[in-house]
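Structure first, then comments.
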Ligand code: FAD
Ligand code: NA7
């Protein structure tokens, strides 16, 4: 959606843009934010893309992801809270592009099957229109891969887990915590998914949650029924045996063990191979395949920033495709990539981590006409957010921040997050009307 918007914005300023075709395997746009009740396979027997769950709310302040060319004020017409539920964020990203004609550029319900370098130039792209099962192969000069990297789960095995009698699922298949009420839940992993699924389970009445960490505990001040234990060594029936010698019985196991960058439609040599990191190697400016001209990737980084970072990337990729930005020689590209990798490897603090991504985005925006915004102010919001979570993991979503785009102060949601069970857009937006100052 960022890439489409980037091209549309150049066209609106009179640029001659190429034909743009977007293949989207779902019948709606919005990627992860396009929630589905399905797990496993979709209606066309394709792997389900979205990993989001019914009661997911933004896990970071919306002030950190706001588009620089389309503010929350512009979309909602009044201040809203800082942590909207997913339906409200979908509405925001949809609002920027809906009604602008961009849907005509998208072939919905169409999955890309293969992308093959053409012997002379460009790529041959084979796609399948899923409802009709009709396949077509077309030539494109440039290919932008924007398929996300939180859809194909990383699912490690644990000795004896096959004897566990209750539900065992990866976070990708988690759709809601209702069934965890009164249950003793084991969540393996110690990152965003573990944290949020654990507190969702608590919110919806789980009797207890044990988080099991491999490297580091998350270290929040958890309520009494939530605890962090070291890694599980093995299971025997419903009993888990932990590294520190403790044992405990559970009713459900959730593997919040992360995702894999997975590009089944690319030939082996074109696939991006990386862990979930701030600067995947072999991407010039974090977007252009180092060894394959005209192949680009968006959003492949580990993410503090999201929507506005995708914009910064999309605008630069657009300008690379339009030849407004000349991609330099191989040695220059390698030096630039290496400089970022060296800096990433030297990161020691959370502040340095966030500042790294802010500086990366600044570097991109300075190369295009995407509106520059106060990235330093956003870094401070991220650090405040970290602090708020540390202070109270159950109330951080009730905090409010000021937009760096419009200076509008968010307003508290009518219901504290822990009590808010109806997170539909209608319920969320049913607050008293407060006009934007
Ligand atoms: P995606 O949103 O994953 O979109 C990729 C698109 O590519 C999908 O529409 C998919 O159908 C399509 N596609 C994939 N393969 C093919 C194919 N072969 N052919 C055609 N189409 C294909 N970010 C935040 O800012 N705040 C949050 O609170 C937040 N919470 C998150 C919670 C969860 C559980 C997850 C998984 C992610 C969360 N994120 C959050 C990060 C989220 O991934 C980004 O906000 C954003 O969705 C990434 O956008 P994307 O376009 O890169 O990828
Ligand atoms: P992340 O952030 O990639 O984290 C994956 C977690 O899984 C991390 O704590 C890992 O531990 C842990 N992990 C991975 N493999 C194992 C094994 N074998 N055993 C135990 N623990 C393991 O993924 P998330 O799903 O939390 O977050 C991804 C996005 O989804 C994020 O942007 C959110 O907004 C939603 P480690 O610390 O590496 O030892």
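Bear in mind that the values in this text are calculations on the coordinates, not laboratory data. None of the values given here were measured: they were computed from a predicted structure. Virtual Cβ from ideal backbone geometry, glycine too; neighbours counted across all protein chains shown.
The table that follows gives values for the structure above.
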read-out: Span per principal axis, largest first, for the Cα atoms of the chain (Å); value: 62, 53, 49
read-out: Gyration tensor (alpha-carbon) shape descriptor, the range 1-124, a/c threshold 1.5; value: oblate
read-out: Degrees, to the nearest 10: 86-97 long Cα axis against longest axis of the chain; value: 10
read-out: Normalised contact order of the range 6-105, rounded percent, pairs of Cα under 8 Å and 6 or more residues apart; value: 27
read-out: Crossing angle, helix 330-345 versus the chain [Cα axis fit, 0-90 degrees, rounded to tens]; value: 20
read-out: DSSP bridge pairs, the chain: antiparallel proportion in percent, nearest 5; value: 55
read-out: Sites residue 162 and residue 59 - FRET efficiency at Förster radius 30 Å, r taken between beta-carbons, to 0.05; value: 0.40
read-out: Computed [θ] at 222 nm, helices only, for the chain once each DSSP H run of length n ≥ 4 contributes -39500 (n - 2.57); value: -7500 deg cm²/dmol
read-out: Zone of residue 113's modelled label, taken as backbone nitrogen in the range 262-280 under 19 Å from a point 7 Å along Cα→Cβ; value: 263-268
read-out: Three-way shape label, the range 161-255, alpha-carbon gyration tensor, a/c 1.5; value: rounded
read-out: Extension reserve of the residue 362-residue 207 stretch, reckoned as 0.36 nm per residue once the Cα distance is removed; value: 51.2 nm
read-out: Distance between modelled label sites at residue 336 and residue 369, nm, 7 Å Cα→Cβ extension; value: 2.0
read-out: Rounded tilt (10° steps) of 2-12 against the dominant C-alpha axis of the chain; value: 30
read-out: Theoretical FRET efficiency, 1/(1+(r/R0)^6), r = Cβ-Cβ of residue 323 and residue 383, R0 35 Å, to 0.05; value: 0.35
read-out: Ranked 425, 136, criterion: other C-beta atoms within 10 Å, fewest first; value: 136, 425
read-out: Difference of contour (0.36 nm per residue) and Cα-Cα distance, residue 137 to residue 45; value: 31.0 nm
read-out: Gap separating the Cα centres of the range 30-102 and the range 337-395, nearest whole Å; value: 22
read-out: Spacing of the two label points (7 Å from each Cα toward its C-beta) at residue 12 and residue 243, in nm; value: 5.1
read-out: Stretch gain in nm, segment residue 155-residue 37, where the contour uses 0.36 nm per residue and the Cα spacing is subtracted; value: 40.4 nm
read-out: Sorted by Cβ neighbour density within 10 Å, fewest at the top, the residues 52, 405; value: 52, 405
read-out: Mean separation of Cα contacts under 8 Å (6+ apart) over length of the chain, as relative contact order %; value: 20
read-out: Proxy reagent accessibility, fewest Cβ within 10 Å first, across 226, 102, 186; value: 102, 226, 186
read-out: Residue 273 versus residue 407: modelled label distance in nm, points set 7 Å from Cα along the beta carbon direction; value: 5.2
read-out: Estimated FRET transfer efficiency (residue 78, residue 376; beta-carbon r; R0 25 Å; 0.05); value: 0.35
read-out: For the range 161-255: relative contact order, % (alpha-carbon pairs under 8 angstrom, 6 or more apart); value: 37
